[in-house]
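The values are calculated or read from the model by the stated rules, or taken from the named source; none is laboratory data. Every value quoted in this text rests on a predicted model; they were computed, and no experiment measured them. Because the Cβ atoms are built from the backbone with ideal geometry, glycine has one as well, and the counts that use them run over all protein chains shown.
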């Protein structure tokens, strides 16, 4: 739930800031900023809750701690890449692939009732998937529309006047 709230809050703040400082609406840029802030927020979790996040990975996967650190670094790199015009589309496609690849870990964590923040097997369980799977789809769509499909589109196609 927290990543969704961070995404939406950062998006709204960016939208207001772009409107105020640039005198225009740029929904895709505000959405990319929101996604970048959310990615930085979730990346922090990889370093703050490393043991619990390692518990999310299936037992047969080796180097769990290293994978958690690596995926945190990937999220930070994606947050930066979304803000660099020459890297934006490539970053978006790789981020979509990343979101697809981490979904099995989230499913595994739900099935095993992992509470990654506490590092226990007392999480919300399978009911969590009713939120997590649609959230993952939202992240994929958000990334696609803000960085690939609608890049450069400004609401109304004109600069807003103040």
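When we screen 17, 48 for residues that are surrounded by fewer than 19 Cβ atoms within 10 Å (Cβ to Cβ), over 27 Å from residue 68 (Cβ atoms) and at pLDDT 95 or above, the only hit is 17.
Applying a threshold of 9 Å to beta carbon distances and a minimum spacing of six or more residues, or different chains, the list of pairs starting in the stretch 132-143 at a residue that is under 17 Å from residue 6 (Cβ atoms) and ending at one that is outside any helix (DSSP H, G or I) reads 135/1; 143/82.
Could you grab me the full set of residues in the stretch 119-131 that are touching a helix residue (DSSP H, G or I) at 6+ places or on another chain (Cβ under 6 Å), buried (at least 16 other Cβ atoms within 10 Å of the Cβ) and either within 17 Å of residue 42 (Cβ to Cβ) or touching a residue at least 60 places away in the same chain (Cβ under 8 Å) (or both)? Within the stretch 119-131, 128 is the sole residue that qualifies. Condition (residue is surrounded by fewer than 18 Cβ atoms within 10 Å (Cβ to Cβ), farther than 23 Å from residue 148 by Cβ and more than 15 Å from the chain's Cα centre (by Cα)) applied to the stretch 100-109: is it met by at least one residue? Yes, some residue in the stretch 100-109 is surrounded by fewer than 18 Cβ atoms within 10 Å (Cβ to Cβ), farther than 23 Å from residue 148 by Cβ and more than 15 Å from the chain's Cα centre (by Cα). Within the stretch 75-118, track down each residue that is more than 19 Å from residue 138 (Cα to Cα), touching a residue at least 60 places away in the same chain (Cβ under 8 Å) and not in a loop (DSSP other than H, G, I, E, B). Within the stretch 75-118, 115 is the sole residue that qualifies. The C-beta contact set for the stretch 13-28 (first residue free of Cβ contacts under 8 Å to residues at least 60 places away in the same chain and at negative phi, second residue part of a loop (DSSP other than H, G, I, E, B) and surrounded by 14 or more Cβ atoms within 10 Å (Cβ to Cβ), distance under 7 angstrom, 6+ apart or interchain) comprises 18/26. Based on what the data block shows, is residue 81 surrounded by 19 or more Cβ atoms within 10 Å (Cβ to Cβ), in contact with a helix residue (DSSP H, G or I) (Cβ under 9 Å, 6 or more places away or on another chain), more than 18 Å from residue 10 (Cα to Cα) and at pLDDT 95 or above? So residue 81 fails the test.
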